[in-house]
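This report refers to the structure that appears directly beneath it.
The values are calculated or read from the model by the stated rules, or taken from the named source; none is laboratory data. This is a predicted model, so every value here is computed, not measured. Cβ sites come from the backbone with ideal geometry, for glycine too, and all protein chains shown count toward neighbours.
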Amino acid sequence: MDKFFVNKDEVVLMVIDIQERLVPVMKYGSQIINKTNILLTIANRLNIPVVVTQQYTKGLGKTVEEVASNFNQVTIYEKITFSACTDQLVADLKKIGRPKIIVTGMEAHVCVFQTVRDLLKIGYNVFVVSDAVCSRSKENYLNALSLMQQMGAVITNTESVFFDLMKEAGTPEFKELSRLIK
């Protein structure tokens, strides 16, 4: 059952390819930005490490400003592989030493899918935040979620991650951050 628990001291937030030329062609791009920003705010407040990837930055642009403006201390990994699991990113994740990765980004059936598959292969527990990932088509999105779940990823949502990280009401963190999900 441990793979279904999200604890702030065990997780890393990974933001995959929410870029200037990708977002406009995503039907749910604004939702992905909103949900990712909620998760970034929580990560910043709870000192959860954040890693960010950008696919072929020259062609697809940088991470959209609406997301980048919420970066605190993040490392941005530029890549040309569809999987974010480059040698450098994997080495850095090992240095961070946390066994669970929360994933947001686009596209669910390409870069998110291949990254999740590779993270699972090397032993990470992966939480795919279903309302914080998308594809251009609903069919590809649903297929990606199904495949990732079959591989062993936990398919979750922003509110479930929030409440699992909070653990209880009444704490200063809960009082401060609960406004994000109202």
Search result, residues across region 119-155 that are out of contact with any helix residue (DSSP H, G or I) (no Cβ under 8 Å at 6 or more places or on another chain) and surrounded by 15 or more Cβ atoms within 10 Å (Cβ to Cβ): 119
Being more than 22 Å from residue 181 (Cβ to Cβ) and either without any contact (Cβ under 8 Å) to a residue 24 or more places away in the chain or out of contact with any strand residue (DSSP E or B) (no Cβ under 9 Å at 6 or more places or on another chain) (or both), is that true of even one residue in region 40-58? yes
Restricting to region 139-182, give me the number of residues that are farther than 18 Å from residue 48 by Cα, modelled with pLDDT of 95 or more and part of a helix (DSSP H, G or I). 13
The number of residues in region 79-95 that are surrounded by 14 or more Cβ atoms within 10 Å (Cβ to Cβ) and not polar (S, T, N, Q) is 8
Looking at (1) touching a helix residue (DSSP H, G or I) at 6+ places or on another chain (Cβ under 8 Å); (2) of a type outside the set (Val, Ile, Thr); (3) over 23 Å from residue 161 (Cα atoms), which is the only condition residue 106 fails? (3)
Between a first residue in region 121-147 that is touching a residue at least 12 places away in the same chain (Cβ under 8 Å) and a second residue that is surrounded by 15 or more Cβ atoms within 10 Å (Cβ to Cβ) and aromatic (Phe, Trp, Tyr), which pairs have beta carbons less than 8 Å apart while being 6 or more apart in sequence or on different chains? 133/141; 134/28; 134/141; 135/141; 144/113; 147/113
Any chance residue 116 is among the β-branched types (Val, Ile, Thr) and either outside any helix (DSSP H, G or I) or touching a residue at least 60 places away in the same chain (Cβ under 8 Å) (or both): no
